[in-house]
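**Q** Structure incoming, see below.
The values are calculated or read from the model by the stated rules, or taken from the named source; none is laboratory data. Keep in mind that this is a model prediction, so the values were computed, not measured. Note: ideal-geometry Cβ built from the backbone for every residue, glycine included; neighbour counts use all protein chains shown.
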Amino acid sequence: MVKSLLTFCIVSFLLCAVWGQGKLYITVTDLEDETLSLRMSITASIFVNQINNAYSNAVSPSFPEECITPEAEEKVLEIWKNSSFYFQKDYGGFKGIITAVGYQIRGIPVVMQEGGLLQNGVINFNPDGQIINFHFSVDETVYHTILTQNNSLQDVQRKRSILDFVEDFRTAYNRKDLNLISQVYGDDVLIITGYVYRETGERSKLTGLSEEKVRYNLYNKNEYLEQLKGVFAKNRFVNLFFEDIVIVQHPALRNLYGVTLLQKWRSTTYNDDGWLFMAVEFRSDTEMLIHIRTWQPYLLNQKVFPREEVYQLGNFEFR
């Protein structure tokens, strides 16, 4: 209790310095515990201002240990190595959301240095109001639409956990975090990647037209990670964006969900858009594993790849 009070006094003092500089202040709302809301507001405000100060001065950010865990700070610095960023000004309160491991606030406007891309950030807190993770979010409209599609409280909680998982998974690619990516893929994961090529046979020569086709390659976990390691090494930055997300529960295996989304890959050497499907299993309320990952092109022969041909749970047999 004494330690928590001392920590709260320290971060309050730090915030006074931030406020005195006329910087950003984040207000966390909608939580019954007003002391916790204030503590989260203080730590989040210090966090965003430290990021913005670092961006303005072209240095790496640093944070008071009272505000953020070492693991969370390490993840932020990995994102920074890939592409520095800053938080936009002029926004007000953020709703505090209860999660399986603590709390979070969402929809914080972030601008990436690479390409000036505008994204939304998510800050996650432990029950003491300390930051335990920061990642980029999916579109907020999509997020809220998914959570309001069903009335079951358990279904809402499960889908919120999946969305958090997907957002952290996406951000792991942005920070080139092979360790986390390896952890979320099951040892027996099936990875199918579509490769678009043009037909060059006799018919193509006669007509002068070449048709795009898809060839599918299968990888095990080690093969995929080794290939991904090479991709990360060749690219100074990697940015992933997820859109059009659909989450479906398996009709018989209630801990298994299919996640389909449009992935937009942007990097130094290569850009593409494609349909990503993942079969995700809940191992516990807070732990999930990916058993199947597939990628298919978004466009084929200048037409949108048919959604009915995109892989889904029904294409695979689970036991």
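**Q** Quick one: is residue 44 under 22 Å from residue 287 (Cα atoms), aliphatic (A, V, I, L, M) and within 22 Å of the chain's Cα centre (by Cα)?
**A** no
**Q** Name the residue that is modelled with the lowest pLDDT, counting only residues in the range 57-88 that are over 20 Å from the mean Cα position of the chain (by Cα) and surrounded by fewer than 13 Cβ atoms within 10 Å (Cβ to Cβ).
**A** 65
**Q** Given the criteria part of a helix (DSSP H, G or I), assigned by TED's automatic domain parsing to the domain that holds residue 260 and under 12 Å from the mean Cα position of the chain (by Cα), does residue 181 qualify?
**A** Spelling it out, residue 181 is indeed part of a helix (DSSP H, G or I), assigned by TED's automatic domain parsing to the domain that holds residue 260 and under 12 Å from the mean Cα position of the chain (by Cα).
**Q** I would also like to ask the following. I'd like to check which strands (runs of 3 or more DSSP E) are fully inside the range 62-114 and have at least 2 residues that are outside the structural domain of residue 268 (by TED's automatic domain parsing), in contact with a Ser or Thr (Cβ under 9 Å, 6 or more places away or on another chain) and in contact (Cβ under 8 Å) with a residue 60 or more places away in the chain.
**A** Counting at least 2 such residues, we get 93-95, 103-112.
**Q** Based on what the data block shows, is residue 162 touching a helix residue (DSSP H, G or I) at 6+ places or on another chain (Cβ under 8 Å) and either more than 24 Å from residue 72 (Cβ to Cβ) or surrounded by 16 or more Cβ atoms within 10 Å (Cβ to Cβ) (or both)?
**A** no
**Q** Return yes when residue 41 is crowded, with 18+ Cβ neighbours inside 10 Å, outside any strand (DSSP E or B) and touching a Phe, Trp or Tyr at 6+ places or on another chain (Cβ under 6 Å) and no when it is not.
**A** Judged against the criteria, residue 41 is not a match.
**Q** Still on this model: How about the range 105-118: which of its residues are crowded, with 19+ Cβ neighbours inside 10 Å and farther than 13 Å from residue 37 by Cβ?
**A** Within the range 105-118, 106, 108, 110, 112 qualify.
**Q** Just checking, how many residues over the range 289-319 are closer than 23 Å to residue 271 by Cβ, touching a residue at least 12 places away in the same chain (Cβ under 8 Å) and assigned to a strand (DSSP E or B)?
**A** The qualifying residues number 7.
**Q** Taking the conditions exactly as written (loosely packed, with under 13 Cβ neighbours inside 10 Å, in contact with a helix residue (DSSP H, G or I) (Cβ under 9 Å, 6 or more places away or on another chain), outside the structural domain of residue 78 (by TED's automatic domain parsing) and at pLDDT below 95), does residue 240 satisfy them or not?
**A** no
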